[in-house]
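Comments concern the structure below.
The values are calculated or read from the model by the stated rules, or taken from the named source; none is laboratory data. All figures in this text were calculated on a predicted structure; none of them were measured in a lab. With ideal geometry, Cβ positions are generated from the backbone for all residues, glycine too; neighbour counts draw on all protein chains shown.
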Amino acid sequence: MIETPFWNDFFSLISPENQNEIIEHCMNPSLELPKEEFEWGDECLSEKVHLKLTGFTELLEPYVIQVLSEVIDEGTPYGFSVDEVWKNTYHRYYHQEQHDHQGYELSFVIFMNDYQENDAKFYFVNERTRLTAESWGDVSALMADSLPIEGKKGDIVFFPSHMLHGVSPHQSDNPRITVSGNISITQL
Ligand SMILES: [Fe+2]
């Protein structure tokens, strides 16, 4: 049996029981805030709009607790809050360069569409490959440069905010929509 000693990078792909409720909430146009500049994403082609935070902490709470139960020792008191949420719309050729969400602890992406061939694809970047013998990549798929996530409608992927990720170019005329957000975790 092999062990993973350090949890610097991890992710959890969850299919929530109340995914219809979550999707309906995410797509509620009354949550959209007036358009404003984002401080990041200058190198990408994307359409982003901030959403009001109303309801997100409550909707995501059971899944955040589920994910953190595998990372934080049982009995350690902590609190969390959803601090930032925004909606991304990918039209043809839209993409997101590799980036992280430093300044927060946990980030998430909720998929509003089933993944279809030619759609933009969310992927994690394996930063360790530049420090790893090239031949490892040849003999083990686990040492790949990146890991694509093909989410289904309503799925949520959680990951540490420092974890480098990107979105490949969208090669379809059907827009792809995701809702992303950042969560702060504090030890109480
Ligand atoms: Fe991101």
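Scan segment 140-149 and give yes if some residue there is over 23 Å from L59 (Cβ atoms), of a type in the set (S, T, Y) and free of Cβ contacts under 8 Å to residues at least 24 places away in the same chain, otherwise no. Yes, that holds for at least one residue. Condition check: within 16 Å of the chain's Cα centre (by Cα) and assigned to a strand (DSSP E or B). Does N88 satisfy that? When the stated conditions are applied, N88 passes them.
A single member of P175, P169 is farther than 28 Å from L68 by Cα, away from the ligand (no atom under 16 Å from the Cβ), at pLDDT 95 or above and touching a Phe, Trp or Tyr at 6+ places or on another chain (Cβ under 7 Å), and it is P175. Among the residues of segment 91-117, the ones that are crowded, with 17+ Cβ neighbours inside 10 Å and out of contact with any strand residue (DSSP E or B) (no Cβ under 8 Å at 6 or more places or on another chain) come to 1 in all. Residues considered: K121, K153, K87. Of these, the only one that is within 30 Å of E61 (Cβ to Cβ) and more than 16 Å from the ligand (Cβ to nearest atom) is K153. Residues in segment 130-141: is at least one within 15 Å of the ligand (Cβ to nearest atom) and among the polar types (S, T, N, Q)? The answer is no, given that none of the residues of segment 130-141 is within 15 Å of the ligand (Cβ to nearest atom) and among the polar types (S, T, N, Q).
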